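The values are calculated or read from the model by the stated rules, or taken from the named source; none is laboratory data. This structure is a prediction, so every number in the text was calculated from the model and none was measured. Note that each Cβ is placed from the backbone with ideal geometry, even for glycine, and that neighbours are counted across all protein chains shown.
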Amino acid sequence: MSHHIVAVQDLHYTYADGTPAVQGISFRIEHGESVAIVGANGAGKSTLLRHLNGYLTPQHGTVQIGDFALSKELLPQVRRTVGMLFQDPDDQLFMPTVRDDVAFGPLNLGLPPDEVEDRVTAALQRVGAEHLADRPPYRLSSGEKRTVAIATILSMQPQILVMDEPSSGLDPAARRRLIELLASFHHTRIIATHDLDLVLDLCTRTIVIHQGKVMADRPTLEIFDDADLLRRSHLEAPLRLQSCPICTKRLPPHRDPEAHHHDDLVEPHSHA
């Protein structure tokens with residue numbers, strides 16, 4: 001595929017129980033963009049992402065990856081291009097060892113053993129999980145499972161990363177490594193997440209989804225500056241952009257913050 005774009009046009013999907021999950025979503029993401037998909041629980045984010053790698057088929061509308069509309073015939077080619085991280089890493093880890101899981105994708109591409117081994121080693125090194133290579137996945141912590149699931153994607157060397165809640169379950173150090181890793185990935189990144197501070201670090205564009213529809217598609221800082229949009233979408237601004245309640249309480253009420261006097265800032269001395 002010559003152009004690794006992702007284009008969704010008038011996408012609809014309703015589950016078997018009659019629940020409408022996606023209702024007419026459209027957008028276009030160009031090669032190299034880093035785009036966040038945000039919304040409250042049940043907004044339709046995961047359902048949308050599962051269409052981008054062919055795990056769900058549109059009931060109405062189209063999904064285009066590269067130059068072609070996604071179809072069953074193109075699924076193998078699409079899945080080489082699009083690396084998908086599921087919300088639950090247990091959906092991706094099923095082999096006896098971590099090394100086997102990370103090697104599974106490259107082996108299915110028919111790559112020679114030496115190249116598979118090189119890819120496995122490089123992927124585990126990039127996520128800081130070399131020490132887990134011989135561990136069975138079921139004995140990993142939730143954060144370790146997520147880290148290994150990311151390695152299984154990187155070993156495929158995709159041109160497009162699609163990630164559903166990639167920072168969920170990670171401790172602060174692992175979360176920071178994830179942000180650094182994703183920042184170094186120069187192809188297309190599509191990240192659905194509740195971690196809006198991660199969005200602030202990584203995504204220049206944000207698509208807000210509410211009740212299966214696109215509420216807004218704008219530069220990230222514009223989205224987070226729109227308090228009414230966030231309220232209507234049941235979202236809050238990232239913590240870094242919220243005012244500090246402790247600092248706010250330090251200001252005396254009904255006073256001009258530019259007009260502090262010395263006795264506002266220094267406790268009076270006690271007298272003997």
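Worth pointing out:
- The residue list Ser46, Ser71 contains one member that is over 26 Å from Ser168 (Cα atoms), surrounded by fewer than 21 Cβ atoms within 10 Å (Cβ to Cβ) and among the polar types (S, T, N, Q), which is Ser71.
- In segment 163-212, the residues that are part of a helix (DSSP H, G or I) and β-branched (Val, Ile, Thr): Ile179, Val199
Yes/no per residue for (1) of a type in the set (Gly, Ala, Ser); (2) farther than 22 Å from Ser167 by Cβ; (3) surrounded by 19 or more Cβ atoms within 10 Å (Cβ to Cβ); (4) at pLDDT 95 or above:
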residue	(1), (2), (3), (4)
Val35	no, no, yes, yes
Arg50	no, no, yes, no
Gly66	yes, yes, yes, no
Val78	no, yes, yes, no
Asp91	no, no, no, no
Leu107	no, yes, no, no
Leu111	no, yes, no, no
Glu115	no, yes, no, yes
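- Restricting the first member to segment 225-245 and to residues that are touching a residue at least 12 places away in the same chain (Cβ under 8 Å), and the second to residues that are hydrophobic (A, V, I, L, M, F, W, C) and not in a loop (DSSP other than H, G, I, E, B), the beta-carbon pairs closer than 6 Å and six or more apart or on different chains are Leu229/Ala216; Ser233/Val208; Ser233/Met215; Ala237/Phe224; Pro238/Leu196; Pro238/Leu200; Leu241/Phe224.
- Filtering segment 161-174 to residues that are under 12 Å from the mean Cα position of the chain (by Cα) and not acidic (Asp, Glu) leaves Leu161, Val162, Met163, Pro166, Ser167, Ser168.
- Just one residue in the set Ala192, Ala129, Ala149 is at pLDDT 95 or above and either buried (at least 18 other Cβ atoms within 10 Å of the Cβ) or of a type in the set (A, V, I, L, M, F, W, C) (or both); that residue is Ala192.
- Reported count of residues in segment 130-143, each being out of contact with any Leu (no Cβ under 6 Å at 6 or more places or on another chain) and part of a helix (DSSP H, G or I), is 5.
- Any pair with Cβ under 9 angstrom, 6 or more apart, that starts in segment 103-130 at a residue that is touching a residue at least 40 places away in the same chain (Cβ under 8 Å) and ends at one that is surrounded by fewer than 18 Cβ atoms within 10 Å (Cβ to Cβ) and aromatic (Phe, Trp, Tyr): Phe104/Phe94
- From the options Ser34, Ser46, residue that is of a type in the set (S, T, N, Q) and out of contact with any Cys (no Cβ under 9 Å at 6 or more places or on another chain): Ser46
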